[in-house]
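As structure tokens, the structure follows; a few thoughts come after it.
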Amino acid sequence: MSAPHTTPGSTGGSETPGPLHGGPDEEYTPERLATMTREELDLLGARYDGVQVLHVDPAPEPGSRVEKAAVRQVAMTFALAGLSAFAAFVVYAGSGWFLPDWQWDITEGGWSALFTPLIGGLGGLALTLVGVGMVLFTKKLLPHETAVQDKHDGSHFDRVTTGASLMGGLNTYGLARRKLITRSLVFMGGGVGLMLLMPLGGLIRNPNVGNPLGTTSWTEGMRLLRGDGSPIRPGDQQPGSLETVFPAVPGGNLESDAATMLIRLRPEQVSLERPREGQDDFGYGDYVAYSKICTHAGCPVSLYEQETSRILCPCHQSQFDVTQGAKPVFGPATRPLPQLPITVDDEGFFVARSDYIEAVGPTYWNRERI
Amino acid sequence: MARTATAPGVPTTPLGKAALEIDDRLIVAGPLRRTLNKVFPDHWSFLLGEIALYSFVILLLSGTYLTFYYDAAMTEVVYEGTYAPMRGLEMTAAYESTLKLSFDVRGGLFIRQLHHWAALLFVAAIVVHLLRIFFTGAFRRPRETNWLIGVALLVLSFAMGFTGYSLPDDLLSGTGLRIVSAIILSIPVVGTWVHWAVFDGDYVGEEILGRMYIVHVLIVPAILLGLIAVHLLMLVKQKHTQFPGPGRTEHNVVGNRLFPAFAVKAGGLFFIVFGVCAALGGLVQINPVWLWGPYNPAQVSAASQPDWYVMFLDGSTRLFPAWDINLPGNYTIPALFWPTVVLPGIIFTLLAAYPVIERKLTRDEASHHLLQRPRDVPVRTSLGMMALAFYIVLMFSGGNDVIAEKFDISLNAMTWAGRIGLVIVPPIVYLLTYRICLGLQKHDREVLEHGLETGVIRRLPHGEFIEVHQPLGPVDEHGHGQLAYGGAPVPKRMNQVGGARRAIRGFFSPIEEPARVELEQRRDEHGLSAAESRELTTSGRPSDGGRPQEPRD
Ligand code: HEM
Ligand code: FES
């Protein structure tokens, strides 16, 4: 190696490669490597990577019956895979051309019901066979070698030299000494970090402006409408029946917290009825109206079992007793379903007397405060 | 190093020349050789992580296709598509686009179902992979970091599952979203604030689908990709663990080199996983959203069930008693908070911290590259089984209404059975597992000491009958084996030590010669001294009526 050139305009380095490159080229000259067989070279490279091949179960002898059978098997698997793949393609491309149309039709049978299973089944079969063929190929036709590779622990040399480079470099920054820079960096980091997070502030909105969680669209005199928009009179429902009703506002039937159950109690239920304190007059005759939104996690409660007077929520099976002010009698719900005060307007249709007097739906931290 | 056209080692074939051109520029020959030579241990349970990886690839491919059609808009539209039963119905654009994908895009339904099946398989593979890591102790030093990444992957895959499930905006997914909204509201102090940030206001608002979409297709997949890359890089760097066995030590890996065999096998596994997902996607209907109908907050379909991996949370929510906590100042901690936020928080924290906990308790600070058999670590195995039992009770409780209906049991009874089961089943499972582990350990030791049962009964001169045992190795003067247990499986049947010749290959007619097979087997008799086992195998019985056993005590 010649000394590095330092003259301006020169490349500044030695013209020949130094000793610290790539493989052991000094020892294994091209001439020497050229005398080795491919297998020897393979094992040499492996040894250089810390790998030693311990033992090889040879592949079946070329031309033997075992080999021929295995070759046939693997080839057959790949051929079947190809066949199945082509078939999937024909179904996919041919439907609506020379095969019947693939699109869904009302008959619930025929080609459109077969199209998806066929492309999936044939395509899946093709891919699986590709995989099976590859596995068979390695198992039956490749030699099985057992190799062992060394595991290295960290090198002390590497640790010490890397540590020196790192600490030496950091030391030249001199931050431990130059306190003013360190302090300004901390200050800057805080400021810039805050600035970068700033846009996320746009996500934050105050949930306590007005009372969005505690109010719904129900107001005094608003009609109770069925899902199809028709109003209801007291004579319309059978005793023991339940109707889901919505406030008479545009889109009322899609509001997430306004859905209400209008229930007509049976005579024996009426005699049993014990409304919640201060809500005796919330019903109208034998009608009561409760929020449909479960006080547990907000699912619509929907299964009304009139023999037991219970409403069951399908999500976690809370049960509410309609004769006891919709108190929860089983399951994870903790609060009764809120009751909507109702009456009848001058045309004889059901209307709300006001909004719910408490928040409907699931409990939250400051629910009792608003 | 001047080269001439005639210098040795200069490539002459076109392929060789091309390779030289590449290596001249990129210098990749060295790293490439190291990669090809990398040794992978061979055990079926090491394929579980690969299955997770491959299903992730399938999810990326199929999911990208779905984005060509899916529209995350929440504007109300009127359906006019092919599916006649829904024409004229109002629905969100998101649901409409899902119907379009299912009915108006050629093969769209197939890809949708493929995506869903691959997602189920993905989470399942991760969970089973995690169990194998846990029960074999692969998480021990130096692999704790990879365990942490694994737990993060698991949590993120839940997030992927939930956001994906919500995108179609059908009745089922809408119900799930509503429950999540309630869960967010249940967080003490900040619940409503978080809800307002996530939903941009009250439930349901206009933003949530669009936000979940970007989380599902961009943010979480990007994080998953990054974490999986680190997970695998670390695996390569730290090298794979292996089960103890002949020639395997803490300082080596015994197995196959990546090339040629391992790579083809791994590729084969990828195609099999892909094929199975595709076949399921075509043949087995999943999440037929057109049967659920568009989301409407006032409707719910009976027996609404989340995907399997969320069922344990549904179960905990059903089982937790109605205990709101009222604090002074009229503040409430809703009952919902405990089973849905606190419980999973505890579960995942314990899971993530387990390697550290075990290290602290056992004071085992050493590096381990050899795996353990679950029976040899009875406390850990029993703890794991106990946790699994806890999880399974919760999971079944998530479907307790279905069970109640199918078997005509009262729902209330099911709920109470779940509550009680959650407390008593896990400890019982712990004790049982512990006993089983000890029993298995004992049997291993017994075989090492007394040898294998041969099924050969011999009558001693004084009339006593004994069963002849085949020792696995050298014996002392009492006929007791001297092999120590090495953490590897102990053969339990004569056939495992060459008691019988392996079957001759050939389906209709033999394609090998029996004599050759015999020869071949004699050649690579591992472990056993060939002469000893041969005596037993040739005639099927010990030639001298038994090796030097004493009658067993
Ligand atoms: C996206 C999900 C995941 C993918 C794609 C994945 C992929 C893989 C693959 C291919 C391996 C090597 C093969 C094997 O040991 O099975 C591996 C190893 C490992 N995985 Fe995962 N994995 C995932 C999730 C997890 C989870 C959930 C955990 C644990 C909580 C975990 C912990 C580990 C550990 C500790 C190793 C090293 C094991 C060893 O060297 O024996 N991984 N992972
Ligand atoms: S949402 Fe009704 S019980 Fe949970």
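The values are calculated or read from the model by the stated rules, or taken from the named source; none is laboratory data. Computed from a prediction, not measured in an experiment: that's the story for all the values here. Because the Cβ atoms are built from the backbone with ideal geometry, glycine has one as well, and the counts that use them run over all protein chains shown. Calculation scope for accessible area: heavy atoms of the full protein, side chains included, ligands and nucleic acids excluded. Shrake-Rupley method; radii C 1.70, N 1.55, O 1.52, S 1.80 Å.
Do you know which residues across segment B:240-253 are open to solvent by 10 Å² or more (accessible area, probe 1.4 Å) and farther than 23 Å from B:F56 by Cβ? Walk me through it before giving the result.
To start, the set of residues in segment B:240-253 that are open to solvent by 10 Å² or more (accessible area, probe 1.4 Å) comprises B:240, B:243-252.
Across segment B:240-253, the qualifying residues are B:F243, B:P244, B:G245, B:P246, B:G247, B:R248, B:T249, B:E250, B:H251, B:N252.
Going by the structure shown, is A:Y287 closer than 15 Å to B:Q299 by Cα and aromatic (F, W, Y)? Before you say what the answer is, go through the steps one by one.
Values: closer than 15 Å to B:Q299 by Cα: no; aromatic (F, W, Y): yes.
Against the criterion (closer than 15 Å to B:Q299 by Cα and aromatic (F, W, Y)), A:Y287 does not qualify.
Cβ-Cβ below 8 Å, separation at least six or inter-chain, first residue in segment B:220-242 and within 28 Å of B:R373 (Cα to Cα), second open to solvent by less than 50 Å² (accessible area, probe 1.4 Å) and of a type in the set (D, E, K, R): which pairs?
What qualifies is B:M234/B:R143; B:V236/B:K38; B:Q238/B:R143; B:K239/A:K151; B:T241/B:R143.
I'd like the full set of residues that are within 11 Å of B:V300 (Cβ to Cβ), assigned to a loop (DSSP other than H, G, I, E, B) and open to solvent by less than 10 Å² (accessible area, probe 1.4 Å), limited to segment A:290-312.
A:C294, A:G298, A:C299, A:V301
Could you please find all residues in segment A:236-263 being touching a helix residue (DSSP H, G or I) at 6+ places or on another chain (Cβ under 9 Å), open to solvent by 20 Å² or more (accessible area, probe 1.4 Å) and not in a strand (DSSP E or B)?
A:P239
Can you say whether A:L272 is open to solvent by 60 Å² or more (accessible area, probe 1.4 Å) and free of Cβ contacts under 8 Å to residues at least 12 places away in the same chain, as far as the supplied structure shows? Can you show your working first?
Details: open to solvent by 60 Å² or more (accessible area, probe 1.4 Å): yes; free of Cβ contacts under 8 Å to residues at least 12 places away in the same chain: no.
In short, no.
Going by the conditions given, is B:I219 away from every other protein chain (no Cβ under 14 Å) and either part of a loop (DSSP other than H, G, I, E, B) or out of contact with any Lys or Arg (no Cβ under 6 Å at 6 or more places or on another chain) (or both)?
Values: away from every other protein chain (no Cβ under 14 Å): no; either part of a loop (DSSP other than H, G, I, E, B) or out of contact with any Lys or Arg (no Cβ under 6 Å at 6 or more places or on another chain) (or both): yes.
Judged against the criteria, B:I219 is not a match.
Only helices (runs of 4 or more DSSP H) wholly contained in segment B:139-201 count here; list those with 3 or more residues that are open to solvent by 30 Å² or more (accessible area, probe 1.4 Å) and more than 16 Å from ligand 2 (Cβ to nearest atom). Explain how you work it out, then say what you get.
Values: elements: B:144-166, B:171-185, B:191-199.
Helices (runs of 4 or more DSSP H) meeting the threshold: B:144-166, B:191-199.
If a residue has to be away from ligand 1 (no atom under 16 Å from the Cβ) and either without any contact (Cβ under 8 Å) to a residue 40 or more places away in the chain or more than 14 Å from chain A (Cβ to nearest Cβ) (or both) to count, how many in segment B:51-73 make the cut?
Number of matching residues: 9.
Does B:F348 satisfy the criteria of being modelled with pLDDT of 95 or more, more than 16 Å from ligand 1 (Cβ to nearest atom) and among the aromatic types (F, W, Y)? Please lay out each step first, then the result.
Working: modelled with pLDDT of 95 or more: yes; more than 16 Å from ligand 1 (Cβ to nearest atom): no; among the aromatic types (F, W, Y): yes.
The answer is no for B:F348.
Based on what the data block shows, is B:L224 surrounded by fewer than 18 Cβ atoms within 10 Å (Cβ to Cβ), away from chain A (no Cβ under 11 Å) and assigned to a helix (DSSP H, G or I)? I'd like the intermediate steps shown before the answer.
Working: surrounded by fewer than 18 Cβ atoms within 10 Å (Cβ to Cβ): no; away from chain A (no Cβ under 11 Å): yes; assigned to a helix (DSSP H, G or I): yes.
Spelling it out, it is not the case that B:L224 is surrounded by fewer than 18 Cβ atoms within 10 Å (Cβ to Cβ), away from chain A (no Cβ under 11 Å) and assigned to a helix (DSSP H, G or I).
Being over 32 Å from the mean Cα position of the chain (by Cα) and surrounded by fewer than 19 Cβ atoms within 10 Å (Cβ to Cβ) is the filter; apply it to segment A:322-340 and report the residue that is farthest from ligand 2 (Cβ to nearest atom).
A:Q324
Given the structure, is A:L185 within 14 Å of chain B (Cβ to nearest Cβ) and part of a helix (DSSP H, G or I)? Please lay out each step first, then the result.
On the way: within 14 Å of chain B (Cβ to nearest Cβ): no; part of a helix (DSSP H, G or I): yes.
The answer is no for A:L185.
Quick check: anything in segment B:3-21 basic (K, R) and in contact with a Phe, Trp or Tyr (Cβ under 8 Å, 6 or more places away or on another chain)?
Checking segment B:3-21: not a single residue is basic (K, R) and in contact with a Phe, Trp or Tyr (Cβ under 8 Å, 6 or more places away or on another chain).
Take the residues in segment B:277-309 that are assigned to a helix (DSSP H, G or I) and open to solvent by less than 50 Å² (accessible area, probe 1.4 Å), then tell me which one is farthest from B:S157 (Cα to Cα). Give the steps one after another, and end with the answer.
Pass one, segment B:277-309, residues assigned to a helix (DSSP H, G or I): B:277-283, B:289-292, B:308-309.
After this cut, where a residue has to be open to solvent by less than 50 Å² (accessible area, probe 1.4 Å) as well, the list is B:277-279, B:281-282, B:289-290, B:309.
On the way: B:C277: 18, B:A278: 20, B:A279: 23, B:G281: 20, B:G282: 24, B:V289: 22, B:W290: 26, B:Y309: 10 Å.
Taking the candidates together, the pick is B:W290.
A quick yes/no check of all residues on (1) at pLDDT 95 or above; (2) not acidic (D, E):
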residue: B:D24; (1), (2): no, no
residue: B:A29; (1), (2): no, yes
residue: B:E50; (1), (2): yes, no
residue: B:V57; (1), (2): yes, yes
residue: B:L60; (1), (2): yes, yes
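Restricting segment B:474-495 to residues that are without any contact (Cβ under 8 Å) to a residue 24 or more places away in the chain and in a loop (DSSP other than H, G, I, E, B), which is most open to solvent (accessible area, probe 1.4 Å)? Give the derivation first.
Let us first name the residues in segment B:474-495 that are without any contact (Cβ under 8 Å) to a residue 24 or more places away in the chain, namely B:474, B:476-477, B:482, B:495.
Subsequent filtering for residues that are in a loop (DSSP other than H, G, I, E, B) retains B:474, B:476-477, B:482.
Values: B:P474: 84, B:D476: 44, B:E477: 149, B:Q482: 111 Å².
Among those residues, the one meeting the criterion is B:E477.
Somewhere in segment B:256-276, is a residue surrounded by fewer than 16 Cβ atoms within 10 Å (Cβ to Cβ), assigned to a helix (DSSP H, G or I), more than 7 Å from chain A (Cβ to nearest Cβ) and within 16 Å of ligand 1 (Cβ to nearest atom)?
No, segment B:256-276 contains no residue that is surrounded by fewer than 16 Cβ atoms within 10 Å (Cβ to Cβ), assigned to a helix (DSSP H, G or I), more than 7 Å from chain A (Cβ to nearest Cβ) and within 16 Å of ligand 1 (Cβ to nearest atom).
Any residue at all in segment B:136-157 that's in contact with a strand residue (DSSP E or B) (Cβ under 9 Å, 6 or more places away or on another chain) and within 19 Å of B:Y213 (Cα to Cα)?
No, that holds for no residue.
I want to confirm something. Restricting to segment A:277-302 and keeping residues that are among the β-branched types (V, I, T) and free of Cβ contacts under 8 Å to residues at least 60 places away in the same chain, which single residue is nearest to ligand 1 (Cβ to nearest atom)?
Step one: filter segment A:277-302 for residues among the β-branched types (V, I, T), giving A:288, A:293, A:295, A:301.
From what is left, the residues that are free of Cβ contacts under 8 Å to residues at least 60 places away in the same chain are A:288, A:301.
Values: A:V288: 51, A:V301: 37 Å.
Looking at the filtered set, the residue picked out is A:V301.
Just for segment B:74-127: of the residues that are charged (D, E, K, R) and touching a strand residue (DSSP E or B) at 6+ places or on another chain (Cβ under 9 Å), which one is farthest from B:L171 (Cα to Cα)?
Taking segment B:74-127 and keeping what is charged (D, E, K, R), we get B:76, B:80, B:87, B:90, B:96, B:100, B:104, B:106, B:112.
Of the ones still in play, those that are also touching a strand residue (DSSP E or B) at 6+ places or on another chain (Cβ under 9 Å) are B:76, B:87, B:90, B:96, B:106.
Numbers: B:E76: 15, B:R87: 17, B:E90: 13, B:E96: 13, B:R106: 25 Å.
Of everything passing the filter in segment B:74-127, B:R106 is farthest from B:L171 (Cα to Cα).
Among the listed residues B:F103, B:F122, identify the single one that is surrounded by fewer than 22 Cβ atoms within 10 Å (Cβ to Cβ), closer than 30 Å to A:P117 by Cα and away from ligand 2 (no atom under 16 Å from the Cβ). Quick ask: steps written out before the conclusion?
On the way: B:F122 fails: surrounded by fewer than 22 Cβ atoms within 10 Å (Cβ to Cβ).
So the residue among B:F103, B:F122 that is surrounded by fewer than 22 Cβ atoms within 10 Å (Cβ to Cβ), closer than 30 Å to A:P117 by Cα and away from ligand 2 (no atom under 16 Å from the Cβ) is B:F103.
Looking for something more than 12 Å from chain A (Cβ to nearest Cβ), closer than 30 Å to A:L33 by Cα, open to solvent by 30 Å² or more (accessible area, probe 1.4 Å) and not basic (K, R) - is there at least one such residue anywhere in segment B:35-46?
No, segment B:35-46 contains no residue that is more than 12 Å from chain A (Cβ to nearest Cβ), closer than 30 Å to A:L33 by Cα, open to solvent by 30 Å² or more (accessible area, probe 1.4 Å) and not basic (K, R).
Please give the helices (runs of 4 or more DSSP H) falling wholly within segment B:338-454 in which 3 or more residues are within 14 Å of another protein chain (Cβ to nearest Cβ). Reasoning before the result, please.
Values: elements: B:343-362, B:378-398, B:400-407, B:411-450.
Helices (runs of 4 or more DSSP H) meeting the threshold: B:378-398, B:400-407, B:411-450.
Quick one: in segment B:233-255, of everything that is among the hydrophobic types (A, V, I, L, M, F, W, C) and under 20 Å from A:G50 (Cβ atoms), which residue is farthest from ligand 1 (Cβ to nearest atom)? Write out each step before concluding.
At the first step, the residues of segment B:233-255 found to be among the hydrophobic types (A, V, I, L, M, F, W, C) are B:233-236, B:243, B:253-254.
From what's left, under 20 Å from A:G50 (Cβ atoms): B:233-236, B:253-254.
Values: B:L233: 11, B:M234: 8, B:L235: 5, B:V236: 9, B:V253: 10, B:V254: 14 Å.
In this case the residue turns out to be B:V254.
Consider B:T98 carefully, then state whether it is touching a residue at least 40 places away in the same chain (Cβ under 8 Å), touching a Pro at 6+ places or on another chain (Cβ under 7 Å), among the polar types (S, T, N, Q) and more than 13 Å from chain A (Cβ to nearest Cβ).
Details: touching a residue at least 40 places away in the same chain (Cβ under 8 Å): yes; touching a Pro at 6+ places or on another chain (Cβ under 7 Å): yes; among the polar types (S, T, N, Q): yes; more than 13 Å from chain A (Cβ to nearest Cβ): yes.
Judged against the criteria, B:T98 is a match.
Mind listing just one residue for me: the one in segment A:59-115 that is surrounded by fewer than 16 Cβ atoms within 10 Å (Cβ to Cβ) and basic (K, R) and, of those, farthest from the other protein chains (Cβ to nearest Cβ)?
Taking the candidates together, the pick is A:R72.
Checking the conditions here, which among B:I183, B:I214, B:I149 is modelled with pLDDT of 95 or more and closer than 20 Å to A:N208 by Cα? Give the derivation first.
On the way: B:I214 fails: closer than 20 Å to A:N208 by Cα; B:I149 fails: closer than 20 Å to A:N208 by Cα.
Sole residue among the options that is modelled with pLDDT of 95 or more and closer than 20 Å to A:N208 by Cα: B:I183.
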